[in-house]
1. Go through the range 66-92 and report how many residues are closer than 12 Å to HIS54 by Cβ and assigned to a loop (DSSP other than H, G, I, E, B).
2. Of the conditions (1) out of contact with any Leu (no Cβ under 9 Å at 6 or more places or on another chain); (2) surrounded by 14 or more Cβ atoms within 10 Å (Cβ to Cβ); (3) in contact (Cβ under 8 Å) with a residue 24 or more places away in the chain, GLU4 clears all except one; give me its number.
3. Within the range 34-52, is there a residue that is under 20 Å from ALA122 (Cα atoms), surrounded by 13 or more Cβ atoms within 10 Å (Cβ to Cβ) and free of Cβ contacts under 8 Å to residues at least 12 places away in the same chain?
4. So, SER95, is that one in contact (Cβ under 8 Å) with a residue 24 or more places away in the chain, among the small types (Gly, Ala, Ser) and either assigned by TED's automatic domain parsing to the domain that holds VAL23 or exposed (fewer than 13 other Cβ atoms within 10 Å of the Cβ) (or both) or not?
5. Of the residues that make up the range 39-60, is at least one farther than 30 Å from VAL166 by Cα, at pLDDT below 90 and among the polar types (S, T, N, Q)?
6. Exactly one condition in (1) in contact (Cβ under 8 Å) with a residue 60 or more places away in the chain; (2) outside the structural domain of GLU120 (by TED's automatic domain parsing) is false for GLN66; which is it?
7. Condition first: exposed (fewer than 14 other Cβ atoms within 10 Å of the Cβ), within 17 Å of the chain's Cα centre (by Cα) and at pLDDT 90 or above. Now tell me which residues in the range 138-168 satisfy that.
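The values are calculated or read from the model by the stated rules, or taken from the named source; none is laboratory data. Predicted model, so just to flag it, every value in this text is computed and none were measured. As a convention, Cβ positions derive from the backbone with ideal geometry for all residues, glycine included, and neighbour counts pool all protein chains shown.
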Amino acid sequence: MDAELKTQLNSDLKDALRAGDKVKLSVIRMVLSEIKNAEMAKQEKLMAGFLRQHLVTADDDEAARQSKLNAIAREVERIAPETKLANADILGVLSKQAKQREESIAAYTQGKRPDLVVQEEAELVVLRAYLPQAASRDDIVAAVKKAIADTGAQSARDKGKVMPRVIAELKGRADGRQINEVVTELLQ
């Protein structure tokens, strides 16, 4: 099933094209490209072992070569639905792009490049429109407390049990550094 967010992005791409909104068009194209790259990387990871077993070599006769190619095509078709990114993964792509824009804004501000700051801020506005509202510190604390209770974590050594749960729950809504600070604070 196609992710709702990807469908929305494709729809907004068409709207931006019709409206002549160059900034939105550029940002959405870039995000869709990043999503496609992530899907291809996921497909490559899923196909790696299969391809090693069905490697076509120069020593193969035509029938063996065709058989291997057919097997590869069937496998690609079989795993195609598994390679599509879910909304949570797409939010991760959007968050990463937004974070890059924030870092660029800071660097361009420091480098006294207001023209580039304006461009990055405009792109950041487009990206933030697709992201859920950022989690407050209270939301992060509540999620960490729940994860600590669920995992039975008691000390800083149990951080590895808590972090993945909280990161998955707050994906796209909270920065990993913020989560790490709260987890460290509560596990002392």
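1. Looking only at that region, the number is 0.
2. The one condition GLU4 does not meet is (2).
3. Among the residues of the range 34-52, not one is under 20 Å from ALA122 (Cα atoms), surrounded by 13 or more Cβ atoms within 10 Å (Cβ to Cβ) and free of Cβ contacts under 8 Å to residues at least 12 places away in the same chain, which makes the answer no.
4. no
5. Scanning the range 39-60 turns up at least one residue that is farther than 30 Å from VAL166 by Cα, at pLDDT below 90 and among the polar types (S, T, N, Q).
6. Condition (1) is where GLN66 drops out.
7. PRO164
Yes/no per residue for (1) within 30 Å of MET40 (Cα to Cα); (2) more than 23 Å from the chain's Cα centre (by Cα); (3) β-branched (Val, Ile, Thr):
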position: GLU75; (1), (2), (3): yes, yes, no
position: ASP89; (1), (2), (3): yes, no, no
position: LEU94; (1), (2), (3): yes, no, no
position: GLU103; (1), (2), (3): yes, no, no
position: SER136; (1), (2), (3): no, no, no
position: LYS171; (1), (2), (3): yes, no, no
